[in-house]
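Undergrad: Have a look at this one.
Each value in this text was obtained by applying a stated rule to the coordinates, not by laboratory testing. All figures in this text were calculated on a predicted structure; none of them were measured in a lab. A quick note on method: Cβ atoms are made from the backbone with ideal geometry, for glycine too, and the neighbour counts reach across all protein chains shown.
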């Protein structure tokens with residue numbers, strides 16, 4: 001074996017060992033190669049007109065979800081968030097922010113349905129209805145506002161008022177107003193969830209969310 005070859009193999013061995021140690025440290029610490037997540041300021045995540053699914057005067061934890069009602073991943077996340085809402089009832093605030101994605105034809109229309117329902121104090125009911133029926137209307141080739149009008153009727157809302165509100169330009173402005181906040185907070189897709197400003201992983205499990213919420217409640 002030549003001297004140069006010996007040196008090369010030695011360097012490769014050192015690099016391999018070093019990488020192995022680095023990989024072990026990452027696994028042990030949970031480091032994914034990015035810097036520790038920083039908290040996003042609450043004033044960026046919760047606005048005066050934000051919609052609450054849960055609001056408690058003495059809540060120490062605020063969970064914020066940026067979502068698109070047509071997003072399949074948001075539909076899959078919905079049962080997890082319902083479990084969290086039930087598990088921590090009376091102890092946390094749960095805020096919903098709009099983040100309609102351009103690739104979803106009914107993203108804005110479904111958000112408009114939620115916002116129009118909010119004007120009749122039925123945001124929670126429409127929020128649940130949209131996710132529970134998502135497979136019936138998501139993926140359409142063109143917007144289907146009549147479907148959402150039907151949901152309003154099922155929920156016992158004033159359908160005429162609901163229809164007018166869905167078409168109100170101020171409703172669309174209200175929906176789009178959430179997007180800059182989300183973008184500044186680092187939202188690039190949905191669902192994106194924050195716990196007291198801490199960004200969660202994509203589609204966090206009930207276990208992951210509970211771990212972070214419990215830690216925040218204890219602090």
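Undergrad: Distance between the C-alpha centers of segment 107-136 and segment 158-180? Whole Å please.
TA: Taking the Cα centre of segment 158-180 as reference, the centre of segment 107-136 is 11 Å away.
Undergrad: May I ask you to compute the full-extension gain from residue 60 to residue 188, defined as 0.36 nm times their residue separation minus their alpha-carbon distance, rounded to one decimal in nm? Mind showing how you got there, number by number?
TA: Numbers: separation 128, 0.36 × 128 = 46.08 nm, distance 2.69 nm.
The span from residue 60 to residue 188 would gain 43.4 nm if fully extended.
Undergrad: So, one more: Taking the alpha-carbon set of segment 42-218, what are its Rg and Dmax in Å?
TA: For segment 42-218, the Cα radius of gyration and maximum Cα-Cα distance read 15.6, 48 Å.
Undergrad: Hey, with R₀ at 25 Å, roughly what FRET efficiency would residue 208 and residue 176 work out to, going by the Cβ-Cβ distance, to 0.05?
TA: Values: r = 30 Å, r/R0 = 1.21.
So the FRET efficiency works out to roughly 0.25.
Undergrad: So how far apart, in nm, are the two label points at residue 39 and residue 146 if each is 7 Å from Cα heading toward Cβ?
TA: Taking the simple label geometry, residue 39 and residue 146 are separated by 5.0 nm.
Undergrad: Would you mind giving the three semi-axes, in whole Å and largest first, of the ellipsoid equivalent to segment 115-183 according to its Cα gyration tensor?
TA: Values: eigenvalues 71, 52, 31 Å².
Values for segment 115-183, descending: 19, 16, 13 Å.
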